1. Which pairs turn up if I take residues in region 44-60 that are at pLDDT 95 or above and look for partners that are charged (D, E, K, R) with beta carbon separation below 7 Å, at least 6 apart in sequence or on another chain?
2. Considering (1) aromatic (Phe, Trp, Tyr); (2) assigned to a helix (DSSP H, G or I); (3) within 16 Å of ligand 3 (Cβ to nearest atom), say which one PHE71 fails and leave the rest.
3. Just to check your reading of the model, which residue among GLU97, GLU82 is part of a helix (DSSP H, G or I), of a type in the set (Asp, Glu), away from ligand 2 (no atom under 12 Å from the Cβ) and surrounded by fewer than 22 Cβ atoms within 10 Å (Cβ to Cβ)?
4. If you go through region 18-39 one residue at a time, how many are basic (Lys, Arg) and more than 6 Å from ligand 1 (Cβ to nearest atom)?
5. Condition first: closer than 21 Å to LEU66 by Cβ and buried (at least 18 other Cβ atoms within 10 Å of the Cβ). Now tell me which residues in region 146-179 satisfy that.
6. Considering region 180-209 alone, what residues qualify as being farther than 23 Å from GLY241 by Cα and either surrounded by 23 or more Cβ atoms within 10 Å (Cβ to Cβ) or more than 15 Å from ligand 2 (Cβ to nearest atom) (or both)?
7. If PHE217 satisfies all but one of (1) under 16 Å from the mean Cα position of the chain (by Cα); (2) over 29 Å from ASN100 (Cβ atoms); (3) open to solvent by less than 70 Å² (accessible area, probe 1.4 Å), what's the number of the condition it fails?
8. Mind checking which pairs have a first residue in region 228-244 that is surrounded by 11 or more Cβ atoms within 10 Å (Cβ to Cβ) and a second that is at pLDDT below 95 and part of a loop (DSSP other than H, G, I, E, B), Cβ under 6 Å, 6 or more apart or different chains?
Amino acid sequence: MAIQEVRELNKPVSTLQIPQHVAIIMDGNGRWAQRRGQPRLFGHQAGTDNLTRVVEMFADYGVKYLTLYAFSTENWKRPIDEVMGLLGLLERVIRRETANLKKKGVRLRHLGRLEGISPALQNAIARAIDETKDNTRITLSIAFNYGGRAEILDAVRRLVAEGVDISQMDEELFSRYLYSDGIPDPDLVIRTGGEMRVSNFLIWQAAYAEYYATPVFWPDFGACEIREALETFTRRERRFGGLSPTGG
Ligand code: IPE
Ligand code: IPE
Ligand code: MG
């Protein structure tokens with residue numbers, strides 16, 4: 001654990017500061033399975049089984065936007081059976097959970113490219129988005145076939161195609177061309193599985209997000225880790241390039 005984190009853990013938190021938007025890099029499924037002598041896909045299955053309860057817990061804390069990184073544009077480099085297995089799992093979980101998401105007040109969004117995804121999965125995603133579009137408790141965005149660089153390039157392509165006057169461009173207008181249009185920037189980015197890197201996730205939107213990494217693998221990420229992440233977030237002082245209120 002980093003020295004800063006140890007110091008942060010020592011300070012008690014009386015009132016939790018709840019981030020409006022939490023984004024999670026759900027990493028470590030493969031290692032979780034390998035530690036159990038199981039194939040990597042077994043870990044992805046366990047990771048998928050963890051989704052619903054995590055969404056529910058963040059919604060209960062009052063988080064309004066939750067974004068989960070499920071499959072990156074770079075994950076196509078993996079062996080074909082793992083890729084196919086992951087795509088199949090996602091389709092099954094979306095089909096199985098749509099009614100439940102609807103009932104629980106969850107609005108679903110997809111961040112990423114649809115091209116390259118099978119028509120069956122595209123349909124499952126479109127149906128789930130449509131059926132949950134009026135929900136307001138929490139917006140769950142699944143970053144799937146998502147890459148931060150691809151997202152920026154796609155935005156530029158659309159801007160050019162629409163003939164937008166570049167001299168009128170500002171950060172706010174540019175953001176409207178990203179997949180995440182209408183979703184506020186993440187306040188907190190959590191990475192499970194212990195790596196300390198961004199892996200092409202929300203590279204525009206997370207410019208001023210707080211980062212929190214835990215060694216816990218995604219299938220084991222639960223109530224205790226969520227509490228710890230929120231407590232750590234509460235202890236952070238966000239300055240956005242300015243000075244702290246205490247002058248530091
Ligand atoms: C995260 O788990 C899920 C995806 C990237 C699809 P990994 O599959 O990356 O698990 P590790 O990092 O190899 O343990
Ligand atoms: C990031 O995890 C992508 C997702 C969690 C979907 P990776 O396992 O793909 O990241 P790297 O390769 O370790 O950077
Ligand atoms: Mg990984």
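The values are calculated or read from the model by the stated rules, or taken from the named source; none is laboratory data. Since the model is a prediction, treat every value here as computed from it, not as a measurement. Every residue, glycine as well, gets a Cβ built from its backbone with ideal geometry; the counts of neighbours run over all protein chains shown. All accessible areas refer to the heavy atoms of the entire protein, side chains included, with ligands and DNA or RNA removed. Shrake-Rupley method; radii C 1.70, N 1.55, O 1.52, S 1.80 Å.
1. From region 44-60, the pairs are THR52/GLU97; GLU56/LYS104; ALA59/ARG137.
2. Among (1) aromatic (Phe, Trp, Tyr); (2) assigned to a helix (DSSP H, G or I); (3) within 16 Å of ligand 3 (Cβ to nearest atom), the lone unmet condition for PHE71 is (2).
3. Values: GLU82 fails: away from ligand 2 (no atom under 12 Å from the Cβ).
When all the criteria are applied, what remains is GLU97.
4. Initial filter on region 18-39 (basic (Lys, Arg)): 31, 35-36.
Filter once more, keeping what is more than 6 Å from ligand 1 (Cβ to nearest atom): 35-36.
So the count comes out to 2.
5. TYR146, GLY147, GLY148, GLU151, LEU178, TYR179
6. Residues of region 180-209 that are farther than 23 Å from GLY241 by Cα, as a first pass: 180-182, 191-195, 199.
Answer for region 180-209, where residues must be farther than 23 Å from GLY241 by Cα and either surrounded by 23 or more Cβ atoms within 10 Å (Cβ to Cβ) or more than 15 Å from ligand 2 (Cβ to nearest atom) (or both): SER180, ASP181, GLY182, ARG191, THR192.
7. Unmet for PHE217, out of (1) under 16 Å from the mean Cα position of the chain (by Cα); (2) over 29 Å from ASN100 (Cβ atoms); (3) open to solvent by less than 70 Å² (accessible area, probe 1.4 Å): (2).
8. Once the first residue is surrounded by 11 or more Cβ atoms within 10 Å (Cβ to Cβ) and sits in region 228-244, its partners that are at pLDDT below 95 and part of a loop (DSSP other than H, G, I, E, B) give GLU231/VAL13; THR234/VAL13; ARG235/LYS11.
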